[in-house]
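What follows is a short report on a single structure.
The values are calculated or read from the model by the stated rules, or taken from the named source; none is laboratory data. Note that the structure is a prediction, hence the values are computed from the model and not measured. When we count neighbours, we look across all protein chains shown, and the Cβ atoms used for this are built from the backbone with ideal geometry, even at glycine.
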Amino acid sequence: MLKKFEGLRRVVITGIGCVTPIGIGRENFWNALIAGKSGVGRIESFPCDDFPVKIAAEVRGFDWEKELQPRDRKHVARTVPLALAAAREALCDAGIKPQELTLEEKRSFGVVIGTGGGGLAFTEQQYKYWYIGPKHKASVYVIPSSTHGCLSSELSMVFGLRGLSHVISTGCTSSTDAVAYAAEHIALGRQKIMLAGGVDAPIAPGILAGFNLMTVLTTAWNDEPHRASRPFSRDRSGMVLGEGAWIFVLEDMQNALERGAKIYAEITGYGATCDAYHRVRLEDSGEEPARAISLALEDAGRHPEEVDYVNLHGTSTQLNDKIETRALKIALGKQAEKIPMSATKSQIGHPQGASGAAGIAATLCAMHTGLIPPTINLDEPDPECDLDYVPHFARKADVRVAVCNCIGFGSKNSALVIEKFDGKN
């Protein structure tokens, strides 16, 4: 299977694209992160008066039609234009023009996208057309556009990329796993360059109703949406649905250096485990999330003392935040008390399978601005959540080694280690 294997390549990030509830475009996202801006507001995409939850973190002001050919607009899920916009920015940032690539270059250029819900909102709309009408609005492509696996193909087709085209759907850890999967293919020499990251758009009536049934969404902040997502605060009462796309260009470091690319960071470690415990609820001990972090650090050849920052999963649920805190203490020992950490979801809500990619983008922001984004709305610290979550305001810091942590439905845990690249590594 690995007869052509000649040693591992180093994998770097050379392009970043973001379409988010707090800003469209990388710089807008970063600036809003550092400013502590909230992207949570009253739901605008459908009437929500009859729902107990009336808020979400939607991407506002997004011209989705611009991303698609007119003939395609009724046939694809919202995740497609979100992902395309982020991918276009990432490619431009990396200095790559797909139309100028040779056939050989296109064949070594893959796509791996992480998503939790994929086209579920699209499918929900199709059912509405079929059973309520008007039926002529229904798409003949409901099957491929509702199937998670075809999402990456939409990017491959638009950009003419002929390398592998895969979708990873592992719940909330999907995009962390997707980036790691892409990095492994580059490290093994199977692909030179990859588009990798995450996208999700789960804000739709049926999906909202389903989350309400699980009682994991906060109903306490409909009148103050910007205060609703409050990880690690004593008075947190549940998560806020979010959406968005965060896509990166990953490539073989030598390839990046040869073409003079700007290098943001190197991906050096990955770990993943499963509690094997419950469809939704986390196992109390925190041992398996801790082991995922430890495996990632071991893979990177790093010790807890070398970690400068941790980007947290931080969902704002009572159980998740406590267990994640417990896991960090197990994995990092006494060092956990010294490492600054922050929860990006306090600003963007919970974008489901895109969560990990959002955290990676926030971590890259910290590395390249010298500022750690804050955890906003941390008004009343929970005694059981007693680490340094960088409350309220961004903080100056030299972040060179960082851990990006994710915890997902189905007892899944994933962690990624990324390191700042300055040419001296």
Which of the residues that make up region 209-236 are in a loop (DSSP other than H, G, I, E, B) and without any contact (Cβ under 8 Å) to a residue 12 or more places away in the chain?
ASP223, GLU224
Can you tell me which residues in region 285-309 are of a type in the set (A, V, I, L, M, F, W, C) and part of a helix (DSSP H, G or I)?
ALA290, ALA292, ILE293, LEU295, ALA296, LEU297, ALA300
Say whether the condition of being of a type in the set (S, T, N, Q) and in contact with a helix residue (DSSP H, G or I) (Cβ under 6 Å, 6 or more places away or on another chain) is met by at least one residue in region 201-213.
no
Pairing a residue in region 134-161 that is farther than 15 Å from LEU68 by Cβ and touching a residue at least 40 places away in the same chain (Cβ under 8 Å) with any residue that is surrounded by fewer than 18 Cβ atoms within 10 Å (Cβ to Cβ) and hydroxyl-bearing (Ser, Thr, Tyr), where Cβ atoms lie under 9 Å and the two sit 6 or more apart in sequence or on different chains, gives LYS137/TYR129
Hits in region 63-77 - residues which are without any contact (Cβ under 8 Å) to a residue 60 or more places away in the chain, part of a loop (DSSP other than H, G, I, E, B) and crowded, with 16+ Cβ neighbours inside 10 Å
LEU68
What pairs can you find where one residue is in region 276-301 and closer than 19 Å to ALA336 by Cα, the other is of a type in the set (S, T, N, Q) and in a helix (DSSP H, G or I), and their Cβ atoms are less than 7 Å apart, with a gap of 6+ or different chains?
none
Residues satisfying the stated conditions in region 362-388, i.e. more than 30 Å from ILE16 (Cβ to Cβ) and of a type in the set (Asp, Glu)
ASP379, GLU380, ASP382, GLU384, ASP386
Quick check on my filter: what residues within region 171-202 are surrounded by fewer than 24 Cβ atoms within 10 Å (Cβ to Cβ) and within 26 Å of GLY314 (Cβ to Cβ)?
GLY171, TYR181
Name every residue in region 75-118 that is within 20 Å of ILE203 (Cβ to Cβ) and in contact with a His (Cβ under 7 Å, 6 or more places away or on another chain), in order of residue number.
THR115, GLY118
Output the strands (runs of 3 or more DSSP E) that fall wholly within region 321-425 and possess 1 or more residues being in the same structural domain as GLU288 (by TED's automatic domain parsing) and either without any contact (Cβ under 8 Å) to a residue 40 or more places away in the chain or over 21 Å from ALA178 (Cα atoms) (or both), or say none.
341-343
Checking the condition β-branched (Val, Ile, Thr), surrounded by 16 or more Cβ atoms within 10 Å (Cβ to Cβ) and not in a helix (DSSP H, G or I), which residue from VAL112, VAL158, VAL80, VAL140 passes?
VAL112
Give the residue, chosen from GLU104, GLU89, that is closer than 21 Å to ALA261 by Cα, without any contact (Cβ under 8 Å) to a residue 40 or more places away in the chain and part of a helix (DSSP H, G or I).
GLU104
